[in-house]
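The values are calculated or read from the model by the stated rules, or taken from the named source; none is laboratory data. For clarity, every value in this text was computed on a predicted model and none was experimentally measured. Every residue, glycine among them, receives a Cβ derived from its backbone with ideal geometry; neighbour counts consider all protein chains shown.
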Amino acid sequence: MTKARLTRRSALFAGAALPFAPMLLPARAEAAAPLQGPAMPLFHRAKLGGFEVTTLLAGSRAGENPQETFGMNVSAQEFAAVSAANFIPDDRTFNSIAPVLVNTGAELVLFDTGLNPEGITTALAAAGVGPDQVDVVVLTHMHGDHIGGLGGANPTFPKARYVTGAAEHNDWSKAGDEGFETNVVPLNDRFSFLDDGGSVVSGVTAVAAPGHTPGHFAYRLESGGAQMMLLADTTNHYVWSLAHPDWEVRFDRDKAQAAATRRALLGMLAAERMPFAGYHMPFPGIGFVETAGEGFRYVPASYQFMFG
């Protein structure tokens, strides 16, 4: 009886002859996942000594023609060159609106409230916090993107007390501003007022930072030997304002004073290697600053605040 010889070639053909051979089935077409667009997280929590510092993405703004707001006192050519050197377009801008929630271990302190109640409460919910848990609301100044989430006559934070700078509140009380009248005035009897160096709670101190508005404050956090500065709107863009502190910003009420404040506070942060949170920095908005030429450079935080 003759034995059949199974060669590699015949084995391959034998396999090919098998019905339902998997390798020969045509690939099944799968529907592509739908595009969903760019997105960012709504909160970022960091450790600072015994404090937890949570930045909240309560809103954002995209726009065109950024030189109508930033670098108003430099040429279009210089603005374009600086933008290109930093890999950002010179005809588009995007900024975050990022209130800061500080848990001191004893109280929850919210710094600024975004554009509207929906934005801040959504971000707080993502961070696991309800508006009725907020003990103190601090307003760094009275621009609409900082007071819009207060709720006015229907307070968003029903159990909170409210704190702001005395000079800031006095100035806006004379301005006839609709946003101030709607959001702040109904809560006036729940406010207390600070001067430079005043304490919100233990470990949270007001730092005068005028120019953006007359009574604009930054706030220094101190816990367990660690410090952080909440810069609010001292600097509003990591390139067009922080890196170039003398560039004029449309929303700075006193542009010369705002530039001097930027130089002073950024210089201090650089010298002390102190971290900061910025209301309009690229989210999550926590980083460091170092001197660079005649200005500064923003260094975003990475994992430094996982450890306190």
Study note, to complete from the structure: Across region 187-234, the tally of residues that are more than 24 Å from G267 (Cβ to Cβ) and acidic (D, E) stands at 1
Exercise for review: Return the pairs, sorted by first residue and then second, in which the second residue is of a type in the set (G, A, S), the first residue lies in region 166-179 and is modelled with pLDDT of 95 or more, the beta carbons are less than 8 Å apart, and the residues are 6+ apart or on different chains.
Suggested key: A166/G215; A167/G215; E168/G215; H169/G215; N170/G215; D171/G215; G179/G144; G179/G148
**Study point:** Elements of type helices (runs of 4 or more DSSP H) in region 89-190, at least 2 residues being surrounded by fewer than 19 Cβ atoms within 10 Å (Cβ to Cβ)
**Key:** 117-126, 166-173, 178-183
Study note, to complete from the structure: Within region 247-263, restricting to residues that are assigned to a loop (DSSP other than H, G, I, E, B) and free of Cβ contacts under 8 Å to residues at least 60 places away in the same chain, the one that is nearest to I97 (Cα to Cα) is D252
Review point. Only one of these conditions is not met by L266: (1) within 22 Å of L139 (Cα to Cα); (2) assigned to a loop (DSSP other than H, G, I, E, B); (3) in contact with a Phe, Trp or Tyr (Cβ under 7 Å, 6 or more places away or on another chain). Which number is it?
Key: (2)
Practice item. Among what's in region 60-88 and is touching a strand residue (DSSP E or B) at 6+ places or on another chain (Cβ under 8 Å) and either at positive phi or assigned to a loop (DSSP other than H, G, I, E, B) (or both), pick the residue that is surrounded by the most Cβ atoms within 10 Å (Cβ to Cβ). Key: T69
Review point. Out of curiosity, is L221 crowded, with 23+ Cβ neighbours inside 10 Å, touching a strand residue (DSSP E or B) at 6+ places or on another chain (Cβ under 6 Å) and more than 30 Å from A84 (Cβ to Cβ)?
Key: yes
